[in-house]
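Okay, so here's the structure we're looking at.
The values are calculated or read from the model by the stated rules, or taken from the named source; none is laboratory data. Values in this document were obtained by computation on a predicted structure and should not be read as measured data. Ideal geometry is used to build each Cβ from the backbone, glycine not excepted, and the neighbour counts take in all protein chains shown. Accessible surface areas use protein heavy atoms only, side chains included; no ligands, DNA or RNA. Shrake-Rupley method; radii C 1.70, N 1.55, O 1.52, S 1.80 Å.
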Amino acid sequence: MVRNFIHFCSDSFKYSLSGKNLYHVWMGTLTFFMIVGAFFYSKQVTHGLVVTGMNDYVSWGLYISNFTFLVGLAAAAVMLVLPAYIFSDKDFHNIVLIGEGVAVGALLMCLAFVTADMGGPERAWHLLPGIGYFNWPESMLAWDVLVLNGYLALNLFVPMYILFQRWQGKTPNKKVYLPFVFLSIFWAFGIHLVTAFLYAGLPARPFWNNALLGPRFLASAFAGGPAFILLLLGVVKKFSNFKVDAQIKSKLALIITVAAQINLIMLGSEIFKEFYTPTEHSISAFYLFFGVGEHNALVPWIWTSITLNIIATVTLTIHKFRSNPKFLYPSCVILFIAIWIDKGMGLVIPGFIPSPLGEFVEYQPTLVEVAVSLGIWAFGLFVLSVLVRLGFAIEQGYLRKNQNSN
Amino acid sequence: MRNFISNLFKHNKKTSSSQCPVFSQDKTTTRVDEEKGAKQILDKKQNRRSFLKGMTATAGAGASLMAVGASNLIDKDAKEKAALKWEEFFKGNYRVMTEDEKKATVKRLEELSRINNNQNVSISADAPLEGVLFGYAFNISKCQGYGDCIEACIEENNLDRKSNMQYIKMFEMDHGKLNVESGDAAYFHQVPKDDKFYIGTQCMHCENPPCVPVCPTGATWKEKDGIVVVDYDWCIGCRYCEAACPYWARRFNWAEPEVPKEKENKNQHYLGNRKKMKGVMEKCTFCVQRTRKGQEPACVEACPTGARVFGNILDPNSEIRYIIENKKVFRLKEELGTEPKFWYYMD
């Protein structure tokens, strides 16, 4: 068993090193960005977070924005897992590994972004229960550490088990993995809700302190995440002989559409609340949407996001466009970008502006932050590429245990 | 959400009452659940301690090997420094340290200051005094916005001179409004100015501090005398507390703080004005290094107008108690339920 597993790992490793030229170019490019990111991160380690655009006024920036968005991407895997395992939808069964791969990639990025944001990453062991002081259940951040790592473990274990069995030519035993699949479904909702509560639980920041934040996180995640997966399927289809069933595409597109519609309704309801009867607490929203005085750095961001969001949602809503790949894929790209802006520049940053005592200090990410963020994205895509390729190779039967070797 | 969870897990958690919280004695005594929590952690700490013992032993072995091999090359201070730093790195959270552990870490920090800066500082680990709950009052009628308090605070608390860190914020206000959000904290002209008045803010040392429960490592907490403190060495720099504070009272060390050697205040407290490092949070501690010795905070002492009053609100004869009982006092953002121990009043 253990020998088998080591063999499985080494086979997988060897497979990941081999590929067509285009694969190597892609992975090489990602590696380049990772190295650049690491270089800039070393600057941050040496000088401190002063090399970022953050300060005591806007104390979270691009890192935590990306983190928040990526938690949603990770949670979105559930939109493939749920139909595949619970409703035993055959179409989804074939692509559920992609969802889990996306979850693993996104979670690793989340952890990397949080680490990049920490002032003392070398002291992170203070969080470990037993040797440290894990402030659970009081701290929402402690909850987040728990749910993110748990979700990562679940999304590593299930596909690894299934692939390991398939690689050996065996049929995976449902009794072994199905309980964990069920758990991971609840867990997926958990990770994004907990991340939303992290913000919503702060009365000091009225912009975040609203009950709709959690549900809206879920809606936007279930729009943006599946949009990413749909695009990924398009890429897989283009570069492999894997046939993506038209059924899957239309079902996924429907999920994206409904989630995007719900997200827009919630956005509308937030806008109504902030602007119909503006109070002192609406000032962040005013700053975000219209600017206050000479402070208006976020205005272009939010209007870009809303415009893209509406264009994509309307296009997807019209059945004719949704079933046409020429409209479907661009809509997914647009939606993905809209939601990325919405979670960062549209949510994390304006929560800090103005400060609780009314001071306006704006935020611009620095080169270091951008480079480190790109490096982490490259790292996530690198992991995702390896996992998805491996998953397909084993599922399709290209990669099997060599019967003679045992 | 936070309260909901606290209630779920803590049966003895105080419920926020509409009464002024500070005069009820029971709030100042150690809460039963807190004691239980500490015990649990202490039990856990046995594991941590034995773990650390192992680590230190390994390090010791390594160090002695190095000592044998290169005793002439490495000078004594450097070796001592490495050992001290190692022990400091693997120490526990201050709030669960035993008295001996507290003494040991303070000694190590003093020694490190001597080696690093050739500076003899005295770091205290004074515990809260019994029957003391500190409170602060700010007389809006008297303050003229001179800012002597800010200067005194910087010097007393060894605040980073490079980034010009300040715990105290002074707002110049227009008549007709009392919310500091409408004030101007960037005023730069001769004071006092006609038609203006001044409101200072700093950490309000809330009885129900929103910054405390959010900390994932429990590196910030409220002491028995009501002071909200940070264990700088335990803070991982996530800045969640900074986002959670409604009074914008917390400051982060975005870079390595710089204090000229000759300017460094050598009378220090572990939880107070000792030197901080990059990547950790800090804040006003009501000058814990002074007030636990019976002195007033530096800002109170420096104020030329007498606008600042500090004292023990449990002492019925204290000035602070007189003000709270006899003046028309208010606090900032009372609707948040934070119960600040920082009152404003007018004559």
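A few points about this structure:
- For segment B:246-277, a decrease in accessible area of 50 Å² or greater in the assembled protein chains relative to the isolated chain, with a 1.4 Å probe, applies to B:Trp248, B:Trp254.
- Among A:127-134, B:203-210, the peptide with the highest mean count of other Cβ atoms within 10 Å heads the list, and the full ranking is B:203-210, A:127-134.
- Cross-link partners of A:Lys251 among lysines, defined as those whose alpha carbon lies under 26 angstrom from its own and excluding same-chain residues fewer than eight positions apart: A:Lys90, A:Lys174, A:Lys237, A:Lys238, A:Lys243, A:Lys320, A:Lys326, A:Lys343.
- B:Val191 paired with B:Ser122, simple spin-label distance in nm, labels 7 Å along Cα-to-beta-carbon: 3.3 nm
- Neighbouring Cβ atoms from other chains, within 10 Å of the Cβ of residues in A:115-122, number 5 on average.
- Within a straight-line Cα-Cα reach of under 20 Å, A:Lys170 can be paired with the following aspartates and glutamates, leaving aside sequence neighbours fewer than 8 residues apart in one chain: A:Asp11, A:Glu395.
- Protection proxy ranking of B:234-244, B:297-307 - average other beta-carbon atoms within 10 Å, highest first: B:234-244, B:297-307
- Scalar couplings 3J(HN,Hα) for segment B:130-147, obtained by applying the Karplus form with A = 6.51, B = -1.76, C = 1.60 to θ = phi - 60°, are 5, x, 10, 9, 7, x, 9, 10, 10, 8, 5, 5, 8, 4, 10, x, 5, x Hz; x denotes Gly and Pro.
- A/B buried area, accessible surface, summed, 1.4 Å probe, Å²: 4500 Å²
- As a rough guide to protection, the peptides A:328-336, A:224-232 ranked by mean Cβ packing within 10 Å, highest first, stand as A:224-232, A:328-336.
- From phi via Karplus (6.51, -1.76, 1.60), per-residue ³J(HN,Hα) for segment A:305-311 in Hz, x at Gly/Pro: 4, 5, 4, 4, 4, 5, 4
- Legend: distances between Cα atoms for B:Lys142/B:Lys328; B:Lys76/B:Lys276; B:Lys224/B:Lys283; B:Lys91/B:Lys276; B:Lys107/B:Lys266; B:Lys222/B:Lys283; pairs beyond 22 Å are B:Lys76/B:Lys276.
- Accessible surface of the protein assembly as shown, 1.4 Å probe: 61 percent of it comes from carbon and sulfur atoms.
- Compared with the direct C-alpha span, the chain from B:Asn179 to B:Glu301 gains 41.3 nm at full extension, assuming 0.36 nm per residue.
- In sequence order, calculated HN-Hα J values of segment B:221-237 (Karplus, 6.51, -1.76, 1.60; Hz; x Gly/Pro): 7, 9, 7, 5, 8, x, 7, 8, 10, 10, 8, 4, 6, 9, 5, 9, x
- When all protein chains stay in place and ligands, DNA and RNA are ignored, the 1.4 Å accessible-area order of B:Lys162, A:Lys170, largest first, is B:Lys162, A:Lys170.
- Rough spin-label spacing in nm, given labels placed 7 Å along Cα→Cβ, for A:Ser269 and A:Gln396: 4.4 nm
- Rolling a 1.4 angstrom probe over the protein heavy atoms with all chains in place gives chain A an accessible area of 42 Å² per residue.
- FRET efficiency, 1/(1 + (r/R0)^6) with R0 45 Å, evaluated for B:Lys76 and A:Trp303 via beta carbons: 0.10
- Only aspartates and glutamates eight or more places from B:Lys293 in sequence, or on another chain, were considered; those with a Cα closer than 12 Å are B:Asp126.
- Residues of segment B:172-231: accessible area per residue with a 1.4 Å probe, Å²: 38 Å²
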